[in-house]
Amino acid sequence: MKAAYIERYGGPEVLRYGDLPDPSAGPGEVVVDIFAASVNAADWKSRSGGYDGAKFPYVLGRDFSGVVSAVGAGADLRIGDAGFGVCEAGQEGAYAEKIAVKAAIVARKPEALSHINAAALALTGLTAMSALEETLQLKAGETILIQGGAGGVAGFAIQLARHIGARVITTASAANHDYVRGLGADEIIDYNARDFTQVVKSCDAVFDTVGGEVAQKSFAVLKPGGRAAFIASGAQAPKPMRSDVASLRPPVGRARRHMERIAQLYEAGAIHPPEVKLYRLAQAADAHRLSEGRHFRGKLVFQIR
């Protein structure tokens, strides 16, 4: 099979494209012929530092959509099932024509949802749902600030927050205001023109997808008793400078039920796929360079078949 992989850690230039052995399905696993896989920040972070004990060549990629082509003993999917899912942390491999994964993390793809859009929604949706529904436990009538609204995860989060019934404030460059407004943002702050801490206050919750200085400053807009969730500040949430707010790191656990929830939200019309820029696997290095720059809208997706 063709795959994009690394033989050592480093920058985008270490990404290779070539032939690797086809995977086989072990007990409880399926082999999925991948039609589409998306690029996530976790991919280039893995490429740059990775996991201890990773065996090279190491195929990157966390989320995928495709068709089951082989079934291991005990797996509850069938050959020909169209499915999508997110690989378990430390077990990547979606930048390839085939992947062997636990059947328990793969959900059946809605027929109306394309493979490209399913891949674009998988990890973004899983992360946003983990942050808003499980970690922040956002409720109707609350106000949430979502940092970096034009990104894939934040874009899903804006739609989900509106579906929950919350008031949504987000940050985005002026060029992306129409885009995030279309996702359902009630108020948009141009981070190049205004300091969000000067115009936002008394939020019930913050969801930060940016990290760095933005993460630490986000505590300032919370009301007493407010809570903030962070996905771009490492494995641990940053420590707040005030004692009357909660700083949380979403667990982002893998399970079929999360993918099924994404499918339900899509079929209900609550969530729409993000804007997508397509690449071929052979262009993985180019896709990573754009992703690392973090100034793009929606999702970067590999069209594999």
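The values are calculated or read from the model by the stated rules, or taken from the named source; none is laboratory data. Nothing here was measured: the structure is a model prediction, and the numbers come from that model. FYI the Cβ positions are ideal-geometry reconstructions off the backbone, even for glycines, and counts take in every protein chain you see. Only protein heavy atoms, including side chains, enter the accessible area calculation; ligands, DNA and RNA are left aside. Shrake-Rupley method; radii C 1.70, N 1.55, O 1.52, S 1.80 Å.
A few notes on this one:
- Filter pass, Asp178 being of a type in the set (D, E, K, R), open to solvent by 10 Å² or more (accessible area, probe 1.4 Å), modelled with pLDDT of 95 or more and assigned to a strand (DSSP E or B): no
- Within the stretch 241-266, the residues that satisfy the criterion of being crowded, with 19+ Cβ neighbours inside 10 Å and in a helix (DSSP H, G or I) are His258, Met259, Ile262, Ala263, Leu265, Tyr266.
- Given (1) open to solvent by less than 60 Å² (accessible area, probe 1.4 Å); (2) within 29 Å of Ser48 (Cβ to Cβ); (3) free of Cβ contacts under 8 Å to residues at least 12 places away in the same chain, number of the condition Gly269 does not satisfy: (2)
- Test set (1) closer than 16 Å to Gln137 by Cα; (2) in contact with a helix residue (DSSP H, G or I) (Cβ under 7 Å, 6 or more places away or on another chain) - Gly155 fails condition number: (1)
- Test: Val59 is open to solvent by 10 Å² or more (accessible area, probe 1.4 Å), in contact with a strand residue (DSSP E or B) (Cβ under 8 Å, 6 or more places away or on another chain) and under 26 Å from Leu278 (Cβ atoms): yes
- Count of residues meeting criterion [closer than 18 Å to Leu138 by Cβ, open to solvent by 60 Å² or more (accessible area, probe 1.4 Å) and not in a strand (DSSP E or B)] in the stretch 214-230: 0
- Criterion violated by Glu111 - all others in (1) surrounded by fewer than 24 Cβ atoms within 10 Å (Cβ to Cβ); (2) within 23 Å of Ser24 (Cβ to Cβ) satisfied: (2)
- Residue tally, condition of a type in the set (A, V, I, L, M) and either within 11 Å of Thr171 (Cα to Cα) or open to solvent by 60 Å² or more (accessible area, probe 1.4 Å) (or both), over the stretch 200-213: 2
- Candidates Gly61, Gly72, filtered to the one that is at pLDDT 95 or above and under 18 Å from Asp286 (Cβ atoms): Gly61
- Which listed residue, of Ala94, Ala75, is surrounded by fewer than 23 Cβ atoms within 10 Å (Cβ to Cβ) and either of a type outside the set (D, E, K, R) or within 25 Å of Gly234 (Cβ to Cβ) (or both): Ala75
- Which listed residue, of Gly61, Gly74, Gly141, is in contact with a Phe, Trp or Tyr (Cβ under 7 Å, 6 or more places away or on another chain) and not aliphatic (A, V, I, L, M): Gly61
- Total residues in the stretch 13-26, condition part of a helix (DSSP H, G or I) and open to solvent by less than 20 Å² (accessible area, probe 1.4 Å): 1
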